[in-house]
Amino acid sequence: MRLLAVPVAVLALQAGTGAGAGTAVAAGAPASERADPAVRITEGQVAGTGPGGTLFYPSVTSCLTVTVRLAGGGLAGAHASLFQVPGEYRSDRILAALRNRVGGRDVTAVEVRGAVGAWLPGYFTKAIESYGDGESVPFPTEPDPEGLAAAVADGLGQPRAKVTVADVPDGDQTVR
């Protein structure tokens, strides 16, 4: 049985799974120097990490990410999707979930990044899926970063001055 354990562990590490996946420091480093794996937040999800942690938002194409920087050094984040992923938060519920995740902790900044031109601020209060038959879904005609900043600030109960918005190209986002 021992002979099988080593090849299985090597295969798990090569596949990116297992206990060592995602660490940024060699396995022989002291625990105090090892980086925790990045917390992965996919479409419609909310999560967070403690001081010194990293958030990883994969495949941000038509999405927006909302990262809350906490006074103690931690991060809380949401990956807002234009269209609901089954079993995950819709765009009109994700800010409330993120606000709950933050709780009463002090916020130093909120960063909104992603496909700014694909989003109307109203998608945070009425998701595309909530429009019924015969109702026309509004679509943006131009980017509205100021409107998005105001909507996110309102949804998180934060001052507008703490929120920044940036249109970023498609791809993965890593926040440290």
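The values are calculated or read from the model by the stated rules, or taken from the named source; none is laboratory data. What you see is a predicted model, and the numbers here were worked out from it, not measured in a lab. Cβ sites come from the backbone with ideal geometry, for glycine too, and all protein chains shown count toward neighbours. The area values use the complete protein model at the heavy-atom level, side chains included, leaving out ligands, DNA and RNA. Shrake-Rupley method; radii C 1.70, N 1.55, O 1.52, S 1.80 Å.
With the condition kept exactly as written, say whether any residue in the range 134-147 is assigned to a strand (DSSP E or B) and either farther than 20 Å from SER62 by Cα or open to solvent by 20 Å² or more (accessible area, probe 1.4 Å) (or both). No: zero hits.
A single member of ALA127, ALA97 is over 13 Å from the mean Cα position of the chain (by Cα) and in contact (Cβ under 8 Å) with a residue 24 or more places away in the chain, and it is ALA127. Inside the range 160-173, residues that are open to solvent by less than 70 Å² (accessible area, probe 1.4 Å) and not basic (Lys, Arg) make up a count of 7.
Conditions tested, residue by residue: (1) modelled with pLDDT of 95 or more; (2) of a type in the set (D, E, K, R); (3) open to solvent by 50 Å² or more (accessible area, probe 1.4 Å).
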residue	(1), (2), (3)
ALA29	no, no, no
ASP36	no, yes, yes
THR42	yes, no, no
GLN45	yes, no, yes
LEU55	yes, no, no
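Here TYR89 clears all of (1) without any contact (Cβ under 8 Å) to a residue 40 or more places away in the chain; (2) part of a loop (DSSP other than H, G, I, E, B) except the condition numbered (1). The set of residues from the range 70-96 being farther than 17 Å from ALA150 by Cα and buried (at least 16 other Cβ atoms within 10 Å of the Cβ) comprises LEU70, GLY74, LEU75, ALA76, GLY77, HIS79, SER81, LEU82, GLN84, GLU88, TYR89, ARG90.
Would you confirm, using the coordinates I've provided, whether SER59 is surrounded by fewer than 15 Cβ atoms within 10 Å (Cβ to Cβ), modelled with pLDDT of 95 or more and under 12 Å from the mean Cα position of the chain (by Cα)? For SER59, the condition - surrounded by fewer than 15 Cβ atoms within 10 Å (Cβ to Cβ), modelled with pLDDT of 95 or more and under 12 Å from the mean Cα position of the chain (by Cα) - is met.
Identify all residues within the range 152-176 that are in a helix (DSSP H, G or I), among the small types (Gly, Ala, Ser) and touching a residue at least 40 places away in the same chain (Cβ under 8 Å); write none if there are none.
Answer for the range 152-176, where residues must be in a helix (DSSP H, G or I), among the small types (Gly, Ala, Ser) and touching a residue at least 40 places away in the same chain (Cβ under 8 Å): ALA153, GLY155.
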